[in-house]
Every structure is written in C-alpha cells, then in structure tokens.
Amino acid sequence: MMHPIRSEKAQKAVGTFEKAIATREAVLALAACVHCGLCADSCHYYLATGNPKMTPVFKADRVRRLYKYHADWLGRLVPEWVGGGTLSSDQDLEDLKDVVFGSCTMCRRCTINCRFGIDNALIIRTARRLLTAHGIAPEGLLSVMRDQREVGNQMGISKADYLETIEWLEKEAQADLGLDFRVPIDKEGAEIVYVINPREVQYTPMTLLAAFKIFHLAGADWTMPSVGWDNSNFGLFSGDNDLGAHMARLAFDQARKLGVKKVVVSDCGHGYRTMKWESPNWTKARALPFEIESLLETMVDYVHQGRILLDPSKNPHSVTYHDPCNLSRSAGITEEPRFLLTRACLEFREMYPNRVDNYCCTGGGGGMAMAEYASRRLAVAQIKADQIRASGAAVVATACPDCVDGLTDLINRYKVHIPVKNVVEIVAKACVTPAEKTKRGMRPIPAELKGRRILVVDDEPDVVRYLSIFLADQGFLVSSARDGRGALAAVRQERPDLITLNITMPENSGVEVFMTLRRDPQTQGIPVFIISSAVDFRKLMYYREVRPPEGYMGKPIEPNVLLMTIRRLLEIKH
Amino acid sequence: MQAFANQGPLEWSRLGPVTTLLVYKVFYGALAFMVLAYLIKIRQLLKQPPVVESTPPRGDEVRGIRYAYLTLAIPWELESQRQDWSSYVEFACLHIVIAFNLGMAFTLPIAHEALRKPWVVSALQWTFTAGAGIGIIRLANRLTRREMRAISSPDDYFCLATLTLWMFAGISAISQDSEVGLLVFYLLATLIMIYMPFSKISHFAYWPFIRYYMGKHFGHRGVYPRKVLPKAGRSPNGERQ
C-alpha cells in the first residue's frame, strides 16, 4: 500500500500515535469496538443534537481509523474496508483537534454503558496526547499547561501572591472563627496537608474559608504547603503524562518533606482523580508514605467521629447533588457527598439519572479552558439543564470547580435560576460552632479602604444603581459608566482603585475595554472585577494574552461575596 | 411439524467429492487457520504491557471483575439496555443463534442422524430463521439510521450480511435434504472462519480481556460493583430508566 505524503506535523503526530498505544488497555479499546451504536444514547452531545457525528463511537473512530490504518492486519492492506485512515495534512490535525477537544469531555458515561466497556475517554486522551505533543490544542489549554509546568499551578499564581492571599484569608476567617485561628503553612509533622484548586485562591475564596472552618472546628492537625499546593493536573486533559508526573511530584515531594500522614484534596473532581489514582502511576511511585483522600471523605470521618456537628436547619432549602464525572465514574466517590448533604440540609433530592449514570456538567475534560468551544458546550447542555430543573431543588450542590462553572454557565443560558454551591460550603454553613453565640460575621471594611475609588461599569441601569448605592454605603467613592467608551474615559480621568466590569455591553464590549486597560501601561495595574454571567469571561481567564481579571462573579450578585472580593483586591497588592 | 419441507433425505456416504473435501477437510483447515490466527492475535495483544496499578485499592478488584463479566447477564445494570430492552434481546438472540449455527457446523458431519429428528430440525430451523431475521433488522438499521450509517465500514456490512446468509443457509443445511444447501452452508462457514480474524467478528476474542481490565480498573477504584441501583423513573429526555 502506498503511504500518503504527510506534512511535517502530521508525520510527527503519527509517530507519537504509535508510541501512545503501547498499553494493552489502549489496544483493546481501539481494536474491540463492533460499531453497535449503543453508546450513542449515553452521550449528551448526541442526545442534545441528534447529530450522527456526535456519537461516542463516531468520535472515537476518528482516532481508531489511525489504529486500523497503522496496526490492523487487514487495515494495513485495505484501510477503507475496515474504516482505516491516516493523518496527512495540517488540516487533518485541526479536524482531529476539533473532535477530541471540542466534542468530548472524557466523562466516561459511554464507557460505563458499553456492553464491552470500550474506554472512549482513553481513546480521546490518546489523541489529545499526540496533538498536544506538537502544540496542537486550544490556546487556553496550552496556557494552563505552560503555567503548570513553569509556575507550578494552573493559574500562574506566584508563591508570594499565593501566600499573601492565604494570609489575607486567615484574617477573614478570624472574623468568623476567632483570633486564635491560623492557617499553618508548611507545618512539619502535621497530620494533613490540604491541597487546593488555584481557582479557589483567585476567584472562589469562599470554598477555602469553608474548608478552614471545618478543619478548625474538627480540631485538625493540618497545614497548607507553600509549594505543590495545586491539586489540579492538566496532564489528564492534555494526555501529557510527563506534565501529570511533574505536577504530582510537586505535591508528593512537599508532602514527603512535611512528613504528613494524609494529603487531603479539596472539592475538585479531576484533582482528586489525578492525585489519588493517576499521579502515583504517572510518577511510578510504588508506595507513598501518606494516604490521599478527598475532603468529602475527611468530612464524613469528622461527622462519624463527632468532631463536627451539623445543623440541617441552617440549610433550609432543598438541595440536589450533581455527581462530577471524575469523582463518580473514575474515583468511586458517590455516597460521601450524599451522606453529608442528607445531614447538612433539611431536604435532599436526587436528580435522575445519578451516580455513575449522571450526565456531565458539560464543562469537564478541561472544557472550561477551551473558550472556542463554549457555544457548542452550551448548545448541548439542555439535557443537563432539564435534569436539574426536574429535580425541583432550590440549590445544586457539587464537588468540583469545573462543575460549578459548567453548571453556572448552563443555568444562566437555560434560565434555570438555581444557585450552584460546593458541598464544602453547605457543610461549613451547617456546622454548629462554639463561637456562634458571639459571632461577629463578616469583617467590616477597614478605615483605610474607605474613600477608595471604585468605577462601576455596566449597561444595566439597575445593576449600576444597586452597586453604586451598596458600595457607597460601605464608604467607597463610586463612579459609573454605562458603556465601554465611557468606561475608558472615566478610567483615564479618575484613576480608580478598582473597576467592576460587565463584559457584555453594547458598542465597545467589556472584553475590549478589559484588553485596552490591560495593554495600557497606565491602567494595567488597576484590579478588574468582572461581574457578568457571560461565558466570554473564560477566555480572559484561560487564554492569558494579558493578565487575567483579578476577580469574577456571576449574576445575581451576592453582596457578601462581592464585598469580600473587593476587600481582597484592595487589600492585597499583587 | 417441520418448518421447511424436505426434498428427501441426504445420504452422507454419497456426498460428492467437492462437498466431502469442503466438509471434512477445508472447513477444519479453516478452523485451524482461525485458531492459529487468534493465537497470534492474542500473543500480539499480550505483548503490550497492561497498565501497572501502583495505588492502594479503594474497592475489590475481584468483585469488580466478576461484576464486569456478569453485566452481560444482568442487562438492567446498563442504562443503555434498561432504556431499550429490545436491543438487548436482539443482541442476546443473535449471539445465541450464531453459537447454534457454529455448533451445528461441527456436529452435523458426526451426528447427522441424531440431527435428523423432526423436532430438532424444526427447532433449529426456527432458531436460524429468528437469527437471520435479526440479521436483516440489524442490516436495515445500519442502512437506514443516520448515526449507524456514519459509523459503519464495509467490513461491518460484510460481516453482518455474511452471518445473516450463513444463518439462512443453516435453515437449509439442517433439513439435510440437499447437497447444494450443505455446500453453501459449509462454504459460508469456511469463509467466515478464514475472514473472522481480520474482521470485527474478532471482538469475541477481545471480550474476556477487555471486561477483565475494565472490572479490575473500576473494582480497584470502588466504582464497580455499582453501589446503588438508580431508581426507576424518566430521564430528562423522557426515556424510561
């Protein structure tokens, strides 16, 4: 058989493919499919669109054709007969990229529902591996991979910024838990080291405060590491096992150095899966001197041991639980969150299907970092929106930042109007605290922050009015702009200390305003707090052509979170 | 009652030389070829190293493996089968009928007298008719449903069509009333034996391995066996659970 003339990239990719299928499981997944089509109804991409090119088997076949062409007995002679094909041009690589990054979240719902157990996620990851090895991947994913490799965490947060934020959060927590509360950093010999998702530091510190509260109330002997603190690992989503091993070593080496007994992973689906199940294999670590467990498991133990007491009346609304794919289908964590939620809430409602049959949040597989596929992601999210709506619950709980973001996006898109919370937040809220009788609540705005200038940029008059009054009441000097042009003029004239920005505005859009501000040396240092439900924010967050926004919040606005974020941005000098 | 009328009993001692060669030599030669090909295939597979699991287990690998094998017999465990029982019935019947057809190919030359009993003939003819019918339904599905057409290769059509024809040939062969019928049956059987290792029909050889590794993987992580069966109800798209 004549082999086609290949582009340089295609030639390299084919070479990588042959190495990438060097495990028995990979060969079986590629060789054994009979094209029965049973997996079609397991995939939300297909269920939502009815597009025959969205069935798991069709997508896996875009990769399987390479196996048929290069390794199958008959395929090597007559590839077309068995559906074989190869990569010849750069366009072939782009087409493959679109399939494996843009139309599969590697959720493994089809794997669980296949009579054979063909692991399509493994196939898709294999293809991602051969593409990312040659720089062919969504820009956001490549940015995150670069930051994990070079800085050691997915958001590219420097050690100084991380430690400063933790210190600031410590003060925040003291307002709630008492002045004796401390976040121990690098405490040698502690029982637990707590590793987190960097988005918690940058965008959702409420989940960190919740975890701090639980450790404090349980009397845990815990610490946070100054390095190797990122539990997320884009080695999983990119297929890059070397990156996976690099991130794992950062965490494992620090845990070894501190001599801890346990590494506790914050609410993060893929973070837990990689830390617990994939990383030890990637690093070829035979026996780790510590256990790895999810914060969910830790909290269950604390409840069993009576170290935290839960009062369900503090969460009076009905709550349903979304099983993150990486926790349920790839890590066996399904009952722990239910144990906690049934004790922390007055009413727990299942959504159907659930556990290993649950539908993906649509933001998995690194999907949140791939802004170019956001519209497709949301177009296929109808089924998830319907599933949540059918539960009739007032709150959706989950245990993964990607799920929180994915669900929040689809809830906004399909107008489900249900807030999404992390399980740890719900449990922390339900905790009975000894300090409750003398609870001081949120820390007040310090005197030195009063009089700081905040520019509110939003095209919705109601939002501008609300924010202006609310922030003025806190002692800030507030000005406002209704469009991009007005915003840029106001920034140049008033030099605000902070800008709240809606990124979806007419004329000069918020994204353009943000980019202009960041590219101007005079304004690039001003912290920008995005207040918007638009998914365009993810592009700013992950593509990193310029420094990402310092804060983010969807609508409707939660005053406590708003105030806390504004305080953080003004108090911490990044 | 026999489903199909016999033209008269076939005398095995008076088969023509081509048929004799095919039934007693070529067919078994093809079988030996198939076995050899699969041995090579499995050896090639086993040359690839399995994923080495270095993490302490959260669940029970043995239970996981057992569960992975058993899901074939407990169809309600898979949502895909809970929602569409007919596909499971179709799948089960087709594979059982193929096993009967194959079994008949081996037993006919040595036990043709026992297989002449009218009730045996009738039962097998109905069985093969059902199998062939399912084959036609599956072919029709593959040709008419967009999502099936999109994933079907010539090999998929060829395998299904050949197996369907083979089951039709089985209807004639079991009646043992025509040498031509027997010849066609064994020609198809030989063709299938030789072609099988190169085709998607090879899935049967991979099945024990893939379920083993799947069960081991999910059992190790505590995913298998399922902890709680989903409650009966409707999925968001209105389908039965």
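The values are calculated or read from the model by the stated rules, or taken from the named source; none is laboratory data. The model shown is predicted, which means the values in this text are computed figures rather than measured ones. We place every Cβ from the backbone using ideal geometry, glycine too, and count neighbours over all the protein chains shown. Ligands, DNA and RNA are stripped out before the accessible areas are found, and what is left, the full protein with its side chains, is counted by its heavy atoms. Shrake-Rupley method; radii C 1.70, N 1.55, O 1.52, S 1.80 Å.
If only the Cβ of Lys and Arg carry +1 and only the Cβ of Asp and Glu carry -1, the dipole of the range B:79-167 around its Cα centre is close to 180 debye. Spin-label model, A:Val561 to A:Lys314: label points 7 Å out along the Cα-to-beta-carbon direction sit 1.9 nm apart. Sort the range B:14-105 into rounded, prolate or oblate with this rule: let a ≥ b ≥ c be the square roots of the eigenvalues of the Cα gyration tensor; rounded if a/c is under 1.5, and if a/c is not under 1.5, prolate when a/b is larger than b/c, oblate otherwise. Since a/c reaches 1.5 but b/c is at least a/b, the shape of the range B:14-105 is classed as oblate. Which of rounded, prolate or oblate describes the protein assembly as shown when judged by the alpha-carbon gyration tensor and an a/c cut-off of 1.5? It comes out prolate by the Cα gyration axes. Relative to the dominant Cα principal axis of chain B, helix B:61-70 is inclined by about 40°.
What is the angle, in °, between the Cα long axis of helix B:179-195 and the longest principal axis of the Cα atoms in chain B? Nearest 10 is fine, range 0 to 90. Here the helix axis deviates by roughly 30 degrees. If R0 equals 41 Å, the separation of the Cβ atoms of A:Gln305 and B:Ile40 corresponds to a calculated FRET efficiency of about 0.10. Farthest toward the positive end of the dipole of the range A:321-469, out of A:Ala331, A:Val432, A:Ile388, is the Cα of A:Val432, where the dipole comes from beta carbon charges about the Cα centre. Among the trypsin sites (Lys or Arg not before Pro) in the range A:22-114, those located in a DSSP loop and surrounded by at most 16 other Cβ atoms within 10 Å of their own Cβ are A:Arg76. Computed from protein heavy atoms with a 1.4 Å probe, the total accessible area buried between B and A is close to 5800 Å².
In this Cβ point-charge picture (+1 for Lys and Arg, -1 for Asp and Glu), the protein assembly as shown has a dipole of about 1000 debye about its Cα centre. Of the residues in the range A:100-133, those shielded by at least 50 Å² of accessible area once partner protein chains are present, compared with the chain alone at a 1.4 Å probe, are A:Ile112, A:Asn113, A:Arg115, A:Phe116.
Annotation: extensible slack from A:Arg547 through A:Ala160 equals 137.7 nm (criterion: 0.36 nm per residue apart, minus Cα-Cα distance). Taken residue by residue and averaged, Cβ atoms of other chains lying within 10 Å of the Cβ of B:50-57 number 5.
Put simply, the amide H of A:Ile292, placed in the peptide plane, has neighbours under 5 Å in A:Val263, leaving out anything fewer than 5 places away on its chain.
Note on chain A: dipole from Cβ charges, positive end direction compared against A:Gly117, A:Ala285, A:His44; the farthest Cα belongs to A:Gly117.
Computed per residue of chain A from DSSP H runs no shorter than four, each worth -39500 (n - 2.57), the mean residue ellipticity at 222 nm is -14000 deg cm²/dmol. Once the C-beta distance of A:Met515 and A:Ser89 is scaled by a Förster radius of 30 Å, the resulting FRET efficiency is 0.35 to the nearest 0.05. Using a ≥ b ≥ c from the Cα gyration tensor of the range A:359-405 (square roots of the eigenvalues), is it rounded, prolate or oblate, where a/c under 1.5 gives rounded and otherwise the larger of a/b and b/c decides, a/b for prolate? In terms of gyration-tensor shape, oblate. What angle do you read, to the nearest 10 degrees and between 0 and 90, between the alpha-carbon axis of helix B:118-144 and the longest principal axis of chain B? So the helix axis and the longest Cα principal axis differ by about 60 degrees.
Modelled spin labels at B:Trp76 and A:Asn51, positioned 7 Å past Cα toward Cβ, are 3.7 nm from each other.
What is the magnitude of the charge dipole of the range A:480-574 about its Cα centre, with +1 placed on the Cβ of each Lys and Arg, -1 on the Cβ of each Asp and Glu, and no other charges, expressed in debye to the nearest 20?
So the magnitude is around 180 debye.
The length gained by stretching the chain between A:Gln522 and A:Ile5 to full extension, at 0.36 nm per residue less their Cα-Cα distance, is 180.9 nm. Solvent-accessible area of the protein assembly as shown (1.4 angstrom probe, protein heavy atoms only): carbon and sulfur portion equals 58 percent. Within the protein assembly as shown, the cysteines lacking any other cysteine Cβ closer than 4.7 Å to their own Cβ are A:Cys33, A:Cys36, A:Cys43, A:Cys104, A:Cys114, A:Cys268, A:Cys345, A:Cys431, B:Cys93, B:Cys159.
Rounded to the nearest 0.05, the FRET efficiency derived from the C-beta distance between A:Glu460 and B:Phe33 at R0 = 60 Å is 0.20.
Normalised per residue, the accessible area of the protein assembly as shown is 39 Å², obtained with a 1.4 Å probe and no contribution from ligands, DNA or RNA. The residues of the range B:195-212 listed by number as losing at least 10 Å² of accessible area in the complex, against the isolated chain and with a 1.4 Å probe, are B:Tyr195, B:Phe198, B:Lys200, B:His203, B:Tyr206, B:Trp207, B:Ile210, B:Arg211. Peptide packing for B:123-133, A:264-274, B:99-109 was compared via the average number of neighbouring C-beta atoms within 10 Å per residue; ordered from the highest value, the list is A:264-274, B:123-133, B:99-109.
Between the alpha-carbon centres of the range A:272-331 and the range B:115-187 there is a gap of 52 Å. Taking the DSSP bridge list for the protein assembly as shown and keeping only pairs wholly inside it, about 5 percent are antiparallel. Available extension along the chain between A:Lys415 and A:Leu179 is 80.8 nm, counting 0.36 nm per residue and deducting the alpha carbon span. Farthest toward the positive end of the dipole of the range A:142-272, out of A:Leu179, A:Gly239, A:Thr204, is the Cα of A:Gly239, where the dipole comes from beta carbon charges about the Cα centre.
With contributions of -39500 (n - 2.57) from each DSSP H run of at least four residues, the per-residue ellipticity at 222 nm computed over chain B stands at -21500 deg cm²/dmol.
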